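Nothing in this text is a laboratory measurement; each read-out follows from the coordinates by a stated rule. Values in this document were obtained by computation on a predicted structure and should not be read as measured data. Reconstructed Cβ throughout: ideal geometry from the backbone, glycine too, with neighbour counts over all protein chains shown.
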Amino acid sequence: MKKLIFLLFIIFMAFTSIVAYGHGELEKLKFTIYVPEDEVLLKSGFTNEDKDIYVVTMKEEKLDVFKKYKFKLLIYDKNTGENKETRTMETKELAPHYSIEAKVHNKFKYMMVYKYLNRGTENEINIYDLKEFKLLKSISINEENRERQSLIDFSGDGKYLIYPMEPRKKTFMEESNKIRLPRITDLVLYDLENMKVFKYISMEEKLKSDPIQIENIILSDDGKIIFYDGVHLYYNNKKDYYTKSYYHVKKIIHVEKDLIRDVKINEKYGPFKSVDFIRDKNILSANFGVGNVSIYGFDLLDGSMKYNDTYKRSINSDWTLMTSALTVDKSKIIGLYSDKTLRILNSNRGKKISTMKLEKKTTLPIFVATDELIFVPAFLKYGEDVSMPSEFYHVVDMKKGLVKYKINNKKIARILSISENKEVVLSQEGIFWDNELSNNIYVWDISKLTNMKGE
């Protein structure tokens, strides 16, 4: 009897140690990078073959009459946390009504700074070399809309920059009432290696239609294909201005071939919220985000629809697509629905591979660590701000179709980046009473988690 009790005690202790390991030691804090609250964190991540962590911040400094912006690049040793170098750079003095938006290339090669006025003028794009932290080029663009900065983006390989621009030709007039029509925004593809315009794409000439307001532009990783999403405008006689209609235009633009293909989908469907290019399969993957249930695949060559995966459920249940992602190798599409169902699809044919139930739903982005391991946040409800912190993360093994771990740590409220060896992640802390994220960056060793077999 004593032997049996002793054996049961050993089994119990072994079980409790496994549970403690499974929920307390799989993420180990290496060090913290402190970022002042008055600075905006632009980007952080790993570089130099995983040896260093780069952190880029921006700070607005108000002077007596003018203001200026200060950019900072901090370089840390990934293993020790030592601050190896800090580089700073300031803009020239700007008038108070100027504003600045900045975006950093994923591989920390370039930084784009968009300077714009709140009221009409020609705005400017400044391109900086992040390695030397110096200005390479200033581009003046004939664009008066200050909301366009979100559409400016780098290609994945860092060779091109795409930005919208008002057409070079004069606006056309409506003959009946001589009302000046809003112009169709054209596109410019800029060659960053040679610092010159590579391609000017006149959408006004290509579309030859009613005025269209641009909603979204997405550039492929190699800069050779552009997805263009716009909405037709119509003249409102009662209010005496042009407003959005229910009709949208979606185009696939092949830059080198100078070809534009229609994306064959109902014109009444709104703008896509998520778009990815799967070049090896000639597929454009897209969905409308929150409020819809379908994930689409379109042929990149002719724009025809290859598949429409619709999540079909009971008519009395909640069934909205909340967030989606693509695996690193782009072979799988991940969709999380409002009934907490996670669905994995084949990106080539749109066929379901597996499904599983999670503890909570979210509208936050899914963080893809590897082709098999993903981190799915949980906290937000439908329609809430996606900049808020997550409550915890489900760690999902897609190959086994199971949740292998739950990261429940307020200092991991948003995962920012993962190292190439998949053993270190960067995160931000959640300030839940304010529903915000802190500026500090936490560096975690997750090698036990990524190398863990099974649950």
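Phi-derived couplings, Karplus 6.51 cos²θ - 1.76 cosθ + 1.60 at θ = phi - 60°, listed residue by residue for region 230-235: x, 10, 5, 10, 9, 7 Hz, with x used for Gly and Pro. Each other residue within a Cβ distance under 9 Å of Ser285 adds +1 if Lys or Arg and -1 if Asp or Glu, for a net charge of 0. The Cβ shell under 10 Å around Leu345 holds other residues with a net charge of +4, Lys and Arg each +1, Asp and Glu each -1. Between the listed residues Val368, Gly350, Leu449, the Cα displaced farthest toward the positive end of the dipole of region 313-455, a dipole computed from Cβ unit charges relative to the Cα centre, is found at Gly350. Phi angles of region 294-304 translate, via the Karplus equation with coefficients 6.51, -1.76, 1.60 and θ = phi - 60°, into HN-Hα couplings of 10, 10, 10, x, 10, 6, 5, 7, 10, x, 6 Hz per residue; Gly and Pro are given as x. Sorting Ile344, Ile334 from the fewest to the most surrounding beta carbons within 10 angstrom yields Ile344, Ile334.
Taking Rh as the Kirkwood radius, which is the inverse of the mean 1/r over Cα pairs, what is the Rg/Rh value for region 313-455? Numbers along the way, then the final one.
On the way: Rg = 14.9 Å, Rh = 15.6 Å.
Ratio of gyration radius to Kirkwood radius for region 313-455: 0.96.
Of the residues Lys357, Lys411, Lys244, the one with the fewest other Cβ atoms within 10 Å heads the list, and the complete ranking is Lys357, Lys244, Lys411. On a per residue basis, the convex hull of the C-alpha atoms belonging to region 36-151 measures out at 108 Å³. Our estimate of slack between Phe133 and Arg87, defined as 0.36 nm per intervening residue step minus the Cα-Cα distance, is 15.8 nm.
How would Met322, Met111, Met195 line up from fewest to most surrounding beta-carbon atoms within 10 angstrom?
Details: Met322 21, Met111 25, Met195 11.
Result, fewest neighbours first: Met195, Met322, Met111.
Which length gain, in nm to one decimal place, applies between Leu63 and Glu256 when the Cα-Cα distance is subtracted from 0.36 nm times their residue separation?
Details: separation 193, 0.36 × 193 = 69.48 nm, distance 4.70 nm.
Between Leu63 and Glu256, full extension yields an extra 64.8 nm.
If R0 is 45 Å, what FRET efficiency do you get for Lys51 and Ile353 from their C-beta distance, rounded to 0.05? That gives a FRET efficiency of 0.80.
In this structure the amide hydrogen of Ser354, modeled in the peptide plane, comes within under 5 Å of the amide hydrogens of Ile344, none closer than 5 places in sequence on its chain.
Between Glu372 and Lys448, the simple label model (points 7 Å from Cα in the Cβ direction) yields a spacing of 2.0 nm.
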